[in-house]
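The values are calculated or read from the model by the stated rules, or taken from the named source; none is laboratory data. Since the structure is predicted, the reported quantities are computational estimates derived from the model, not experimental observations. Glycine gets a Cβ as well: all are built from the backbone with ideal geometry, and neighbour counts include every protein chain shown.
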């Protein structure tokens with residue numbers, strides 16, 4: 001599992017009733033099912049998330065993958081765009097984190113709806129701006145934030161409702177492009193401070209406010 005650079009959700013909640021009326025087709029996906037990617041037909045459809053979360057990856061020809069974003073209820077993916085570059089879009093893959101429910105929105109019909117409802121088009125522009133800004137900050141964080149801050153960011157973003165992050169030291173190190181030894185050192189420091197506990201491949205958050213205080217500005221304000 002790779003660290004998501006951006007978390008999004010709720011950007012289109014105020015339009016949910018309208019979207020349900022215009023796009024009655026539903027799709028249910030199970031955990032780890034590929035929702036979007038590698039298929040020409042995927043270039044002509046968008047999804048509104050009714051329930052669950054999805055992770056979107058950029059896949060590189062060398063076999064590597066970068067988790068660009070996690071999107072939850074009230075998000076649309078991919079965000080609408082009229083520019084078409086098939087070679088780029090076919091490198092994107094979106095995977096259900098758990099069982100998810102979506103509204104299926106054909107590209108042309110979504111385009112027409114945005115022409116009818118300018119507020120929806122503005123919300124789409126705002127979502128693009130939010131995504132772009134978060135990616136810019138994520139790049140700056142990778143370049144300038146110390147490893148301890150990046151680890152706290154990851155733990156906060158990957159935290160489940162039960163206060164647990166199911167990830168080994170090795171997987172966390174891989175997601176941050178850091179050595180396992182350095183990641184273990186930071187985690188042990190957090191454990192000594194009573195911020196987290198570590199048991200059998202899982203990290204348990206004991207003091208969420210203290211962890212958040214150690215995160216970068218963009219995460220604290222998220």
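Worth pointing out:
- Within the range 29-46, being over 30 Å from residue 150 (Cβ atoms), modelled with pLDDT of 90 or more and outside any strand (DSSP E or B) holds for one residue alone: 30.
- Answer from 147, 135, 157 - the residue that is surrounded by 13 or more Cβ atoms within 10 Å (Cβ to Cβ), closer than 13 Å to residue 176 by Cβ and within 16 Å of the chain's Cα centre (by Cα): 157
- Taken together, 148, 138, 154 contain a single residue that is touching a helix residue (DSSP H, G or I) at 6+ places or on another chain (Cβ under 6 Å), within 24 Å of residue 66 (Cα to Cα), touching a residue at least 12 places away in the same chain (Cβ under 8 Å) and in a helix (DSSP H, G or I), which is 148.
- Residue match in the range 174-184 (condition: under 26 Å from residue 52 (Cα atoms), surrounded by 14 or more Cβ atoms within 10 Å (Cβ to Cβ) and either in contact with a strand residue (DSSP E or B) (Cβ under 8 Å, 6 or more places away or on another chain) or assigned by TED's automatic domain parsing to the domain that holds residue 54 (or both)): yes
- Conditions (1) within 30 Å of residue 19 (Cα to Cα); (2) touching a helix residue (DSSP H, G or I) at 6+ places or on another chain (Cβ under 9 Å): number failed by residue 118: (2)
- Count of residues meeting criterion [modelled with pLDDT under 95, out of contact with any helix residue (DSSP H, G or I) (no Cβ under 9 Å at 6 or more places or on another chain) and farther than 23 Å from residue 133 by Cα] in the range 1-28: 0
Quick grid of which residues meet (1) assigned by TED's automatic domain parsing to the domain that holds residue 79; (2) at pLDDT below 95; (3) within 25 Å of residue 12 (Cα to Cα):
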residue	(1), (2), (3)
92	yes, yes, yes
95	yes, yes, yes
109	yes, no, yes
117	yes, no, yes
126	yes, yes, yes
157	no, yes, yes
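- Considered as a group, the residues in the range 56-78 that are touching a strand residue (DSSP E or B) at 6+ places or on another chain (Cβ under 8 Å), more than 17 Å from residue 139 (Cβ to Cβ) and part of a loop (DSSP other than H, G, I, E, B) include one that is modelled with the lowest pLDDT, and that residue is 78.
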